[in-house]
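The values are calculated or read from the model by the stated rules, or taken from the named source; none is laboratory data. In this text the structure is predicted, and so the values were computed from the model without any measurement. Cβ sites come from the backbone with ideal geometry, for glycine too, and all protein chains shown count toward neighbours. Side chains included, ligands, DNA and RNA excluded: accessible areas come from the protein's heavy atoms. Shrake-Rupley method; radii C 1.70, N 1.55, O 1.52, S 1.80 Å.
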2 protein chains.
Amino acid sequence: MTPPERKLALKQLGPLPIYARVKAMVADKILCGEWRPNDRVPSETELVQQLGFSRMTINRALRELTAEGLLVRMQGVGTFVAEPKRQSSLLEIQNIADEILARHHQHRSDVMLLEECIADREQSAALNMSLGSTIFHSTIIHYENDVPIQIEDRYVNPAIAPEYLQQDFTLITPNIYLNRLAPLTEGEHIVEAVSASTQQSKWLRLAPHEPCLLICRRTWSKQHNVSYARLLYPGSRHRLKGHFMS
Amino acid sequence: MTPPERKLALKQLGPLPIYARVKAMVADKILCGEWRPNDRVPSETELVQQLGFSRMTINRALRELTAEGLLVRMQGVGTFVAEPKRQSSLLEIQNIADEILARHHQHRSDVMLLEECIADREQSAALNMSLGSTIFHSTIIHYENDVPIQIEDRYVNPAIAPEYLQQDFTLITPNIYLNRLAPLTEGEHIVEAVSASTQQSKWLRLAPHEPCLLICRRTWSKQHNVSYARLLYPGSRHRLKGHFMS
DNA sequence: GAGTGGTCTAGACCACCTG
DNA sequence: AGGTGGTCTAGACCACTCC
């Protein structure tokens, strides 16, 4: 690709700021395997010439990718693709339907809500969108042998999954559906213990004051923020387990 | 402090780059409590005038502090001190004292119990010892700035740490002590949400029915099972966070 | 409209590494 | 010496929020 074409391609990537588009381009080459670990990445000067943006902008893109662990930089030497990180089983994104089937139990889900909504502060922050954007929202109850085991509240970036509201989530979980559209490359979990609301208690058939495990999971596909899920489990019916070695 | 003095103070901070010194100054004011959560931080323009550096430099400092979670910024509104987060990594075995010190807070612990006991079914299974073996047991409350944040119930294999009962665990955490004796090579976490007992509620100063996060952690050193810890956190005062890439 | 943060530029100087 | 990343500046334009 000649420099002007490359610049054009970057410009077509959407309304993202330039540094973000440069990040996306570089991350893409790394994640799709075109640039392999320990490969040398073009220098800032080269990218300035190739892409036609100022060095500060290129520098910001590469600096942030370094902070995110995709690149390694050495002053006086150059910029290189980092070795991929190890992953932990505790953090595996598991599809709840598969998890239940693996226990040889039956999985069923009820879709309680499937709507367009306006992102509030928490949701917009989690999806990295501006406050008041239109996003998709689903609320689904998952059952294991007819015992409710999870309430899945999911907020989805409509740019990634424009047909989200037309899906039948009793047949396919949002997790699987989204993974087909945009294979996830990155995720973040926050786990905490909370009390359930009255509505949630009813849906999960909880004993009074029964504690719940709340897992807030944000997922990315390449540089795009795909969805934000709040998974609520009855404390008595679910645990998270993880194993690691050093 | 007048602007010239402030700039001087920053210059004396050492050979760090300017943006890092600005970060340190701002972080310092937040962590020492001079700027409290939700306080407004001077705008970029104000800092440019007060400190005499260019706006790009100030911007980088504030942007990185935002990424680190110390600040929250809203376009058109301003920059504010973020609510402190109490969270730890899902992946790493962290020593709670270090974790608290990393937040620039004070750590203190009370030893409530330090005894020899007979392993019950759960404990013997966790330590892979026979039912009825003699094991060591400690119960310690950890405080962050005098707020109780964790009850650590730990069961230890006496073969690995014969002097366990003679230690002063207000000076060194069991975690560190054991790690020195037998560096851990393997671990397992089980995370769940539970209610606290009456005694635990009292120790942690919990509101009625406040849910808690329970982390049961087994650790190994080489082939030897070292200890089994049950870490109980108030749900409102602690989260677990994990990040991964594939 | 005034103030805020978000971004971008064109140039500059420096420390560092390698030939 | 020449290329690399690391930093800094002075100015600019924009989108956003609040009054």
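Helix B:18-31 versus the longest principal axis of chain B: what is the Cα-based angle in degrees, 0 to 90, to the nearest 10? Roughly 60 degrees, rounded to the nearest 10. Projected onto its three principal axes, the C-alpha set of the stretch A:86-241 covers 38, 34, 30 Å, listed from the longest axis down.
Can you tell me the 0 to 90 degree angle between the C-alpha axis of helix A:55-67 and the longest principal axis of chain A, rounded to 10? Roughly 40 degrees, rounded to the nearest 10.
For the stretch A:175-246, the residue among A:LEU232, A:VAL194, A:ASN175 whose Cα projects farthest onto the positive side of the dipole built from Cβ charges is A:ASN175.
May I ask you to give the percent of accessible area on the stretch B:86-241 that is carbon plus sulfur, with a probe radius of 1.4 Å? Let's see the in-between values first.
Details: 3470 of 6960 Å².
Whole-percent figure for carbon plus sulfur exposure: 50.
When chain A is treated as a Gaussian network with alpha carbon springs shorter than 10 Å, the biggest mean-square fluctuation among A:ILE149, A:ILE215, A:ILE118 belongs to A:ILE118. Label separation (A:ARG180 vs A:PHE80): 4.1 nm, computed from points 7 Å beyond Cα along the C-beta direction. The heavy atoms of A:TRP220 offer some 40 square angstrom of accessible surface to a 1.4 angstrom probe. Across the options A:ALA97, A:ASN38, A:MET74, the greatest Cα extent toward the positive end of the charge dipole of chain A (unit charges at beta carbon of Lys, Arg, Asp, Glu) belongs to A:MET74. Panel values: the protein assembly as shown, Kirkwood radius from alpha carbon pairs, Stokes-Einstein at 10 °C and 1.306 mPa s, translational diffusion coefficient 62 µm²/s.
Remark: label point of B:THR170 defined 7 Å out from Cα along the Cα-Cβ vector; separations to the same position in other copies 6.3 nm, ascending. Net charge dipole, the stretch A:86-241: roughly 380 debye, given to the nearest 20, about the Cα centre with Cβ charges of +1 for Lys and Arg and -1 for Asp and Glu.
Note on B:ALA207 and B:CYS32: the model spin-label points, each 7 Å out from Cα along the C-beta direction, lie 3.4 nm apart. Accessible area per residue was computed with a 1.4 Å probe on protein heavy atoms; A:SER236 scores about 90 Å².
Sorted from closest to farthest, the other copies place their B:SER133 label points 5.4 nm away, with each point set 7 Å from Cα along Cα→Cβ. Which entries of B:LYS29/B:LYS202; A:LYS241/B:LYS202; A:LYS23/B:LYS241 show an alpha-carbon separation above 30 angstrom in the structure shown? Where the Cα-Cα span goes over 30 Å, the pairs concerned are B:LYS29/B:LYS202.
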